[in-house]
Amino acid sequence: MRNIAIVDDNDSELKILKAMAEEAGLNVIATGSNGEDAVEICAAGLPELIIMDYKMPVKDGIEAAIEISKTCPTAIVLLTAYDDEKSIQTAAEAGVMAYLVKPVRQEQLLPAVEVALSRFKEFEALRKENVALKDAVEARKIIEKAKGLLMEKEGLNENEAFVRIRKMSMDRRKDMKEIALTLIAALEGKDKRTAVGKGL
């Protein structure tokens, strides 16, 4: 069963949506009446997905979606009275994964929820892949710098420098990036101490 939240400033529409969602087999674990509520519900880590209205007081659906995507990424279905291209584009840029045009019909709800969850899963996988790639590139640069310093200061060739970093990594059970950072700090610190000793 999907755990979802519904946020709408119109109490009667909120009750209708809640009834529809429960009839569709969804578990409504939280409700709210404005965009600030939506952000707080998501920050609490409760729902897999949030259905919220576009036009709301305090913070509208787009503002809330932008904040949610930055602070506590969650799949979002936006409720709107408009289905023009500009509104759809604005919603997509804000991190909304699907939208429903009011008045919502029962048969539309579950497909929109499943589409939003599927897109969100793909988006999160891509985001994590990009973060991992970025981390790998950064780690490589740091390891290359440590190798260069070992070659310069210790007279090692490239392979010997790499083997030393890898061995230290295995011996200390720390990743190579962490070992490389320690070596860089030690070798560059050694240079500074030597320079001070010489009165430079």
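Remarks
- Restricting the stretch 128-153 to residues that are open to solvent by 40 Å² or more (accessible area, probe 1.4 Å) and of a type in the set (G, A, S), the residue that is nearest to A180 (Cα to Cα) is A136.
- Residue match in the stretch 64-78 (condition: over 23 Å from S118 (Cα atoms) and not charged (D, E, K, R)): no
- Any chance L187 is modelled with pLDDT under 90, in contact with a Leu (Cβ under 9 Å, 6 or more places away or on another chain) and farther than 22 Å from L79 by Cβ: yes
- Selection status of I51, surrounded by 18 or more Cβ atoms within 10 Å (Cβ to Cβ) and in contact (Cβ under 8 Å) with a residue 12 or more places away in the chain: yes
- If the condition is being in contact with a helix residue (DSSP H, G or I) (Cβ under 8 Å, 6 or more places away or on another chain) and open to solvent by 30 Å² or more (accessible area, probe 1.4 Å), then the stretch 1-19 contributes only R2.
- Number of the exception - I165 against (1) modelled with pLDDT of 90 or more; (2) open to solvent by 40 Å² or more (accessible area, probe 1.4 Å); (3) under 18 Å from K145 (Cβ atoms); (4) not in a loop (DSSP other than H, G, I, E, B): (2)
- Residue match in the stretch 54-61 (condition: open to solvent by less than 30 Å² (accessible area, probe 1.4 Å), out of contact with any Ser or Thr (no Cβ under 6 Å at 6 or more places or on another chain) and within 21 Å of V101 (Cα to Cα)): yes
- In the stretch 60-83, the count of residues that are over 20 Å from the mean Cα position of the chain (by Cα), touching a residue at least 40 places away in the same chain (Cβ under 8 Å) and closer than 19 Å to R2 by Cα is one or more.
Per-residue answers, yes or no, for (1) in contact with a strand residue (DSSP E or B) (Cβ under 9 Å, 6 or more places away or on another chain); (2) open to solvent by less than 20 Å² (accessible area, probe 1.4 Å); (3) free of Cβ contacts under 8 Å to residues at least 12 places away in the same chain:
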residue: E93; (1), (2), (3): no, no, yes
residue: Y99; (1), (2), (3): yes, no, no
residue: K102; (1), (2), (3): yes, no, no
residue: P111; (1), (2), (3): yes, no, yes
residue: E122; (1), (2), (3): no, no, yes
residue: L126; (1), (2), (3): no, no, yes
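- Considering the stretch 29-48, the residues that are surrounded by fewer than 18 Cβ atoms within 10 Å (Cβ to Cβ) and of a type in the set (A, V, I, L, M, F, W, C) include one that is nearest to Q89 (Cα to Cα), namely A43.
The values are calculated or read from the model by the stated rules, or taken from the named source; none is laboratory data. Here the structure is a predicted model, which is why all the values come from computation and not from measurement. In this analysis, Cβ positions are derived from the backbone assuming ideal geometry, glycine residues included, and neighbour counts consider all displayed protein chains. We work out accessible area using only protein heavy atoms, side chains counted, and drop any ligands, DNA or RNA first. Shrake-Rupley method; radii C 1.70, N 1.55, O 1.52, S 1.80 Å.
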